[in-house]
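K.L.:
Input: one structure, supplied below.
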Amino acid sequence: MSLIDQFTLIITVHERQQFIESILRYYSDLPCDIIVADSSTNVCTVLDQANVNLIHTPQELYYKKMLDILLDIKTPFVLELADDDIIFKDAIYKCVDFLENNPDYSFVDGMWKDKYEKQTSYFIESNFYSEEPTERIQVCLNDYWKAPNHSVVKTSVLRNNYSFQFENETLWPIRWYDKIWMFLACFDGNYKALPIRYGDRRNERLMNTLEGNYPKRLRKDTPWSHILFGDNLKPLINFCIDQGYDKEWSKDFVTKIAGAVP
């Protein structure tokens, strides 16, 4: 299967550029467009590869950076990859093939290296399938939670996710990001965790939090529990209402789901 018309890889960078050379070298033979999305103050240096496009938007809000990039992507599937992670190339092929042949699914990943025992129960339950979005949300967010945001995903789903979060400033705290990602993606379709070696996480975080350069607008110290305060849940409640659910039901559902997130 050729990836060139099916898949785009986005590598995110912010004030931590020491991994970009090695990760691009690893993906140098991957036949797809690769976008390096760098919001660092100073632009990073990338290898000279015809399929690599460096986009430098200094200090751009993370949600805006990703939304602008996704609006221009033409392939049906995409992977947003932190610069300190590796998703194995053979896993990318398998995930794209799965999504291409299973339109009822929105996103797919597999087994992260050396974490099989911790993920076994999730792989068993990942066979869960439902035509009802609220059932998918309850299972994926409350029963068998695993951060979904480095999955291979439909481009339309990821674009809609970032558009929604960008348009709702109350949802910008970065520790809320992956939970809201899952909530929205489950409305579009099912999630699958394939029984394959998927990737390897390094011991770094998305952004360097130790040198005072973490964007204040992302409110990294705001815990998930604070989403229950005030009107923070209102965008998600309105989202459910826009999908055709009753107003009071939507309020009760979103509050119950948010309160039970691990």
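K.L.:
With respect to the numbered conditions (1) open to solvent by less than 40 Å² (accessible area, probe 1.4 Å); (2) without any contact (Cβ under 8 Å) to a residue 40 or more places away in the chain; (3) not polar (S, T, N, Q), which one is the sole condition not fulfilled by Asp48?
P.N.:
It fails just one condition, (1).
K.L.:
Just to verify a result, which residue in the stretch 4-18, among those that are not in a strand (DSSP E or B) and not charged (D, E, K, R), is most open to solvent (accessible area, probe 1.4 Å)?
P.N.:
Gln18
K.L.:
For the subset of the stretch 112-141 comprising residues that are among the polar types (S, T, N, Q) and open to solvent by 30 Å² or more (accessible area, probe 1.4 Å), which member is modelled with the highest pLDDT?
P.N.:
Gln138
K.L.:
Additional query: Could you say which residue among Phe229, Phe253 is touching a residue at least 40 places away in the same chain (Cβ under 8 Å) and more than 29 Å from Glu15 (Cβ to Cβ)?
P.N.:
None of the other options fit; the residue is Phe253.
K.L.:
If I go through the stretch 66-90 residue by residue, how many of them are of a type outside the set (A, V, I, L, M), touching a helix residue (DSSP H, G or I) at 6+ places or on another chain (Cβ under 7 Å) and within 20 Å of Phe19 (Cβ to Cβ)?
P.N.:
2
K.L.:
Listed residues Tyr93, Tyr63; which is surrounded by 16 or more Cβ atoms within 10 Å (Cβ to Cβ), modelled with pLDDT of 90 or more and in contact with a helix residue (DSSP H, G or I) (Cβ under 8 Å, 6 or more places away or on another chain)?
P.N.:
Tyr63
K.L.:
Against the definition (open to solvent by 50 Å² or more (accessible area, probe 1.4 Å), of a type in the set (Gly, Ala, Ser) and modelled with pLDDT under 95), how does Gly244 come out, yes or no? Spell out how you get there, then give the answer.
P.N.:
Numbers: open to solvent by 50 Å² or more (accessible area, probe 1.4 Å): yes; of a type in the set (Gly, Ala, Ser): yes; modelled with pLDDT under 95: no.
Here the answer is no, as Gly244 does not meet what is asked.
K.L.:
Related question: Select from the stretch 247-262 the residues that are surrounded by 17 or more Cβ atoms within 10 Å (Cβ to Cβ) and aromatic (Phe, Trp, Tyr) and list them in ascending order.
P.N.:
Phe253
K.L.:
While we're on this one: Starting from residues that are under 15 Å from Tyr177 (Cβ atoms) and open to solvent by 80 Å² or more (accessible area, probe 1.4 Å), keep the ones in the stretch 199-241 and report whichever is modelled with the lowest pLDDT.
P.N.:
Going through the qualifying residues, I end up with Arg205.
K.L.:
Within the stretch 19-52, work out how many residues are under 20 Å from the mean Cα position of the chain (by Cα), at pLDDT 90 or above and either of a type in the set (Asp, Glu) or assigned to a strand (DSSP E or B) (or both).
P.N.:
Of the residues in the stretch 19-52, 5 are under 20 Å from the mean Cα position of the chain (by Cα), at pLDDT 90 or above and either of a type in the set (Asp, Glu) or assigned to a strand (DSSP E or B) (or both).
K.L.:
Select, from Leu79, Leu71, the only residue that is at pLDDT 90 or above and either part of a helix (DSSP H, G or I) or open to solvent by 10 Å² or more (accessible area, probe 1.4 Å) (or both).
P.N.:
Leu71
The values are calculated or read from the model by the stated rules, or taken from the named source; none is laboratory data. Being a predicted model, the structure only gives us computed values, none of them experimental. Neighbour counts are summed over all protein chains in view; Cβ atoms, including those assigned to glycine, are modelled from backbone coordinates with ideal geometry. Surface accessibility is based on the protein's heavy atoms, side chains included, excluding ligands, DNA and RNA. Shrake-Rupley method; radii C 1.70, N 1.55, O 1.52, S 1.80 Å.
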